[in-house]
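Take a look at the structure below.
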Amino acid sequence: MARKFLLCFHDISVWNYRKVVPEIRSLKDLCGRGFSLLVIPCTDGATPESISEFRETLLQLESEGFELALHGYKHKAEFSQGRSYRGLVGMSLTGGEAEFAGLCEYESSRLLQCGLRAWNDLFSADGSTSAVAHARPAAFVPPTWYSNRFLPGQVRASKMLYEDRFLLTTAKGFRYASPVASFAGLPACLEKISVAFGSLIMKLPVGIPRLAIHPVDFPLMQGAIRDIIRAALNNRRTLVHYGEL
């Protein structure tokens, strides 16, 4: 079986897409194909012109071979009743970005449906049929990977692959070990360790390692990101999409 890896560009939103698209296309040139783009679907407060351009940009990237996945709802938590103590800790550690952390079953389902509606609204805002093609994103990745015990089953019931910090679980229940290298939120003293870890997991004989990159990684970590991608390709790993698992 061919060894695989995932390259996942997180946190693409209506507020930053113009800035990140050049980096995305530059990485495609290195990889030889498009990779997975994790979209924050909420566009509250954006102008109709920005929303339209955001939608058209995503559709253009998809036509170029990139894959679109759902990355939460707002990526910033709103008030939710029933959040556990563990979830509150996760919220504190992530500056309030772990919007699904520790939610009760009802609140988790409600927020997931908000994300799916925002996704459909984004792609149907022009009255086209594009919403049909995007009614089911390729995968769901909770912001910061902090979650709750109900969310994996709710995502699978919505026919999406679910990603957590260590595993990938398909809608049919197949699981893949998937260690992840990421730089977002790390102090500078740990960056070299994270780069070494990223190169290491690309050399492992098993699993589907991931490289998770964020807009805040550029330009500082640009060289390290490219080095890890080269390590994967040099170790004969094939870049895949969530939808290919």
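The values are calculated or read from the model by the stated rules, or taken from the named source; none is laboratory data. Just so it is clear, the structure is predicted and the values come from calculations on it, not from any experiment. When we count neighbours, we look across all protein chains shown, and the Cβ atoms used for this are built from the backbone with ideal geometry, even at glycine. Please note that ligands, DNA and RNA were not included when accessible areas were found on the heavy atoms of the full protein model with its side chains. Shrake-Rupley method; radii C 1.70, N 1.55, O 1.52, S 1.80 Å.
Past 28 Å, Cα to Cα, is the threshold; run LYS4/LYS76; LYS76/LYS159; LYS74/LYS159; LYS19/LYS172; LYS4/LYS159 against it and keep the listed order. Could you put the intermediate results ahead of the total?
On the way: LYS4/LYS76 31 Å; LYS76/LYS159 24 Å; LYS74/LYS159 21 Å; LYS19/LYS172 36 Å; LYS4/LYS159 22 Å.
Too far apart for the 28 Å limit: LYS4/LYS76; LYS19/LYS172.
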### the chain, accessible area per residue, ligands and nucleic acids excluded (1.4 Å, Å²)
47 Å²
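With only alpha-carbon atoms in the gyration tensor, what are the semi-axes of the equivalent ellipsoid for region 87-245, in Å, largest first? If you can, show how the numbers build up before the last one.
Working: eigenvalues 158, 78, 56 Å².
Gyration-tensor ellipsoid for region 87-245: 28, 20, 17 Å.
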### Message
In whole Hz and in residue order, list the ³J(HN,Hα) couplings for region 214-228 that follow from phi through the Karplus curve 6.51 cos²θ - 1.76 cosθ + 1.60, θ = phi - 60°; x for Gly and Pro.
### Response
10, x, 5, 6, 9, x, 4, 9, 4, x, 5, 4, 5, 5, 5
### Query
Expressed as a whole percentage, what fraction of the accessible surface of the chain belongs to carbon and sulfur atoms when a 1.4 Å probe is rolled over the protein heavy atoms?
56 percent
#### Entry: Simple label model, 7 Å out from Cα along Cβ direction - ARG175 to GLN222, nm
4.0 nm
